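Just below is one structure, and these are the notes that go with it.
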Amino acid sequence: MNSKYTPETKQQIFAHLESCESVNSIAKNTGIPQSTIYSWIKTAKKDSESFELIKSSDYKTLQRQNERLKTIIKILKTVNCCVGSPLKDKLNELEKLYGQYSVHVLCDALDVPRGTFYNHIKRNKRDDTYYAKHREELRLKIQEIFDESRQIYGSDKILAVLQREGYRTSKKMVLELMRDMGLTSIRQDAKKMYGKEIRKCKNHINQNFNPDTPNQIWVSDVTYYKFNDKVLYICAIIDLYSRMVISYKIGKKNSTNLVKSTFKQAYETRNPQKLIFHTDRGSNYRSYTMCTYLKSLKVTQSFSSAHNPYDNSVMESFFSTMKREELYRTKYRSEQELRNGIDQYIAWYNTIRPHRAVGNKTPLEVETAFADK
């Protein structure tokens, strides 16, 4: 470009061009040669194309940087500290987000060395840490979602349900926990798995409901009861020898956790030596978590035949009786009153109500007589 023209002059020329004035007219009015004006236009076009080229090549990089900054801002809004807080506070806050974001971004957000953060996580992976508690909470919820989906949902759908219900986690964490729990979605191999399931779900009692001693055969099932537009699930375990309800729990979800905690309560109270635990084929009783737990206690699992309620008729009869004698004939004013009513009924059922199956004695009388032998 000709150096005798100032930048201001060039800007005025471009302003005329933008207003659609012709180069010929501009040259006549300003005295600037047309060749000079065309030279300026050519140079400006090259500069514009160069800028567009650089912009295109760096677009993805800029986009990644933008997303990273957005994530850092999100982290800073979540934690209860700042970059200038003590290191201990920053590590504890970042630990709560571990598994939800990359370690690089977490550490950059609060200016924490990655090595220091990894050492903190490794040192604190104990049962009383937030991380361990968060994982255990996710385990229970994942198992519940998996069971309620009839073992159909994979990691993607389980993650979607978790996020919809407000749980903060990542697909990597869900996959890791599912592998650790042995949960596999049923897909194309369903027919093959069905064949294995038939062989695995063996009936060890075959409607023999009269064992010789207590703690020889326990039966269990889950029923539900609707109260004020809510559904409550009741899990119970009965010892077939005395027909005593030895454990029961009430929950808001028909989950593996419900049946496992009910069994654990009975097992720790009665400490059986050689036990058969008979149930229907509900997915909560057949879940990996439940089966592994019972196997670790050397408890033999027994299952009813498919679509045969008579194989677990003792439990069917108990729930039917409880609903007829207590639940359906009582108007509860609150959920707590309902829970208290179930507590009182089962206590009465075990200690006062006679049972025809045990010679019109109460379950407590039958157990007491056995202990006195």
Relative to the first principal axis of the alpha-carbon coordinates of the chain, what is the inclination of helix 155-164, with its axis defined by its Cα atoms, in degrees from 0 to 90 and to the nearest 10? 80
Virtual spin-label span in nm between VAL23 and GLU148, 7 Å along Cα→Cβ: 7.2
Need one number: nm distance between label points at LYS172 and CYS291, each 7 Å from Cα along Cα→Cβ, rounded to one decimal. 3.1
Looking at the chain, send over the antiparallel percent of its DSSP beta bridges, to the nearest 5. 70
Folded to 0 to 90 degrees: helix 7-18 orientation relative to the chain principal axis, Cα: 70
To test your reading of the geometry: what angle, between 0 and 90 degrees and rounded to tens, separates the Cα axis of helix 256-270 from the longest principal axis of the chain? 40
Pairs to check: LYS230/LYS298; LYS226/LYS260; LYS77/LYS157; LYS172/LYS260. Give those whose C-alpha atoms are more than 25 Å from each other in this structure. LYS230/LYS298; LYS77/LYS157; LYS172/LYS260
Counting sequence-distant residues (5 or more places) and residues on other chains, those with an amide H built under 5 Å from that of MET244 are ASP239
For PHE227, enumerate residues with amide H under 5 Å from its amide H, sequence gap 5+ or separate chain, H modeled in the peptide plane. LEU232
May I have the convex hull volume per residue, in Å³, for the Cα set of the chain? 271
Solvent-accessible surface ranking, highest first, for PHE277, PHE14 at 1.4 angstrom: PHE14, PHE277
Using a 1.4 angstrom probe with every protein chain in place, what is the largest-first accessible-area order of SER102, SER283? SER102, SER283
Would you compute, from DSSP H runs of 4+ residues alone, the mean residue ellipticity of the chain at 222 nm, taking -39500 (n - 2.57) per run and dividing by the full residue count, rounded to the nearest 500? -18000 deg cm²/dmol
Calculated FRET value between ASP108 and LYS45, using beta carbons and R₀ = 35 Å, to 0.05: 0.30
With a probe of 1.4 Å, find how much accessible area the chain has per residue, and write the answer as a whole number in Å². 61
Which percent of the accessible heavy-atom area of the chain goes to carbon and sulfur, probe 1.4 angstrom? 49
Please list the non-local residues whose amide H lies under 5 Å from the amide H of LYS361, H modeled 1.01 Å from N, same-chain partners needing a gap of 5 or more. HIS355
Just subtract the alpha-carbon distance of ALA357 and SER334 from 0.36 nm times their residue separation and send over the number in nm, one decimal. 4.9 nm
I need the phi-derived Karplus couplings for the range 108-115: 6.51 cos²θ - 1.76 cosθ + 1.60, θ = phi - 60°, integer Hz, Gly and Pro marked x. 5, 4, 10, 6, 10, x, 4, x
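The values are calculated or read from the model by the stated rules, or taken from the named source; none is laboratory data. Quantities reported herein were computed from a predicted structural model and do not represent experimental measurements. For neighbour counting, all protein chains shown are included, and Cβ atoms are generated from backbone atoms with ideal geometry for every residue, glycine included. Just so you know, the surface numbers come from the protein's heavy atoms only, side chains and all, with ligands and any DNA or RNA stripped out. Shrake-Rupley method; radii C 1.70, N 1.55, O 1.52, S 1.80 Å.
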